[in-house]
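The values are calculated or read from the model by the stated rules, or taken from the named source; none is laboratory data. Bear in mind that the values here come from a model prediction, so they are computed numbers and not experimental data. Quick reminder, even Gly has a Cβ in these numbers, built from the backbone with ideal geometry, and neighbours come from all protein chains shown. Ligands, DNA and RNA are excluded from the accessible area calculation, which covers all protein heavy atoms including side chains. Shrake-Rupley method; radii C 1.70, N 1.55, O 1.52, S 1.80 Å.
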Amino acid sequence: AKVVGLSNFTQLFASNEFITAIGVTFTFTIISVALETILGLAIALLINGTFPGRGLVRASILVPWAFPTVISAQIWYLMYNDRTGIVSYILQQMHLLPVGGTLLQSTSGIVTAAIITDVWKTTPFMALLILAGLQVIPNELYEAAGVDGSTRFQQFWTITLPLVAESLVIALLFRTLAALGVFDLLYILGGNQVQSIASYSYNNMFTRSTFDFAPGVAAAVVLFIMGLIISLLYLLVIRITRR
C-alpha cells in the first residue's frame, strides 16, 4: 500500500472549489448563528414573563423547529419561486430583485436564502435553551435591583446576561456545530451550485463518476477538526462563565 501522508490535505487546500466551500460554510455559520442567538434571546425574554396564554404562545413558537429540515427547505423553496413565491414577489416589489428574479439565481442569493430559512427554523431552538436559563434566575434579584433604582437595561446587563451566559454558550455550541455541517438546506435550495464542506465531501465520495474518496474523506476530517476546535473553545468559555 502506498503511504500518501498529508498529500491529500495539501491537494485539498490547493483546490479553489474547497476554499470556496470553506467560505460558504463559515459565512452561513457565522451569520445564521448570530441572528438566531439575537432573535432567540429576544424571544426568550419576551415569553419569560407571566401573561395569559403563555403556554400556547411557547408551544406555537416551537412549531418551525418541529419541522424536519428537508420539509422546511421545500416550503421555503416554493416561497423563493420566481413566479409564485411570496418572498420573491416582496423583494421584486421592493426593487431588490428584478421582475422574474429570485434569490436562487446566484451563489450569494442561495446562501442568503439558506440563512433566512435556517433562522426561521432554528431560532425557536435557541429561544428554548435560553429560556431554560432564564427560568432559574431568582425574581428576588430583579426586585432588589428595582429597589436600588436600576433601569431595565441595567438589570439585563448586570443580572440577566451574566446568569444566562452558560445556557447561552451551550446553545451556541449546539447551533454552531449543526451549522458547520450544513448540507441538506443548501442542496435543496441550490442543488450543487453552492457547496459547503459537508456537501463537497459528499459530492466527491458519492455523486461524481470518479468516486474519488480521497478528497472527500480529507474534507470530512477537516470538518471534524474544525468542529473539535470550536467545541473546545466553547467549553473554555463555559469554564470561564462558571468562575
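Using the structure shown, decide if Ala59 is out of contact with any strand residue (DSSP E or B) (no Cβ under 6 Å at 6 or more places or on another chain), surrounded by 18 or more Cβ atoms within 10 Å (Cβ to Cβ) and either assigned to a helix (DSSP H, G or I) or β-branched (Val, Ile, Thr) (or both). So Ala59 does not fit the description; no.
Among the residues of the range 198-209, is there at least one that is open to solvent by less than 20 Å² (accessible area, probe 1.4 Å), assigned to a loop (DSSP other than H, G, I, E, B) and either at pLDDT 85 or above or within 20 Å of Ile130 (Cβ to Cβ) (or both)? Within the range 198-209, not a single residue is open to solvent by less than 20 Å² (accessible area, probe 1.4 Å), assigned to a loop (DSSP other than H, G, I, E, B) and either at pLDDT 85 or above or within 20 Å of Ile130 (Cβ to Cβ) (or both). Here is the figure for the range 87-98: residues that are open to solvent by less than 90 Å² (accessible area, probe 1.4 Å), part of a helix (DSSP H, G or I) and not hydrophobic (A, V, I, L, M, F, W, C) total 2. Checking Val221, Val111, Val147, Val182 one by one, the residue that is closer than 30 Å to Val57 by Cα and either of a type outside the set (D, E, K, R) or open to solvent by 60 Å² or more (accessible area, probe 1.4 Å) (or both) is Val182 and no other. Entry remark, the range 43-56: residues being part of a loop (DSSP other than H, G, I, E, B) and surrounded by fewer than 17 Cβ atoms within 10 Å (Cβ to Cβ) number 5 in total. Screening the candidates Leu228, Leu177, Leu128, Leu189 for the property of being surrounded by fewer than 21 Cβ atoms within 10 Å (Cβ to Cβ), in contact (Cβ under 8 Å) with a residue 60 or more places away in the chain, closer than 30 Å to Ile71 by Cα and of a type in the set (A, V, I, L, M, F, W, C) yields one hit, Leu128. Against the criterion of being within 16 Å of Ala214 (Cα to Cα), out of contact with any Pro (no Cβ under 8 Å at 6 or more places or on another chain), of a type in the set (Ser, Thr, Tyr) and in a helix (DSSP H, G or I), Thr20 does not qualify.
Name the single residue, out of those in the range 102-150 being at pLDDT below 85 and not in a helix (DSSP H, G or I), that is nearest to Ile238 (Cα to Cα). Checked the range 102-150; the qualifying residue nearest to Ile238 (Cα to Cα) is Ser150.
Restricting to the range 63-86, and then to whatever is more than 20 Å from the chain's Cα centre (by Cα) and touching a residue at least 12 places away in the same chain (Cβ under 8 Å), can you tell me which residue is surrounded by the fewest Cβ atoms within 10 Å (Cβ to Cβ)? So the residue we want is Arg83. Among the residues of the range 35-48, is any farther than 12 Å from Leu128 by Cα, in contact with a Lys or Arg (Cβ under 8 Å, 6 or more places away or on another chain) and not charged (D, E, K, R)? No: the range 35-48 contains no residue that is farther than 12 Å from Leu128 by Cα, in contact with a Lys or Arg (Cβ under 8 Å, 6 or more places away or on another chain) and not charged (D, E, K, R).
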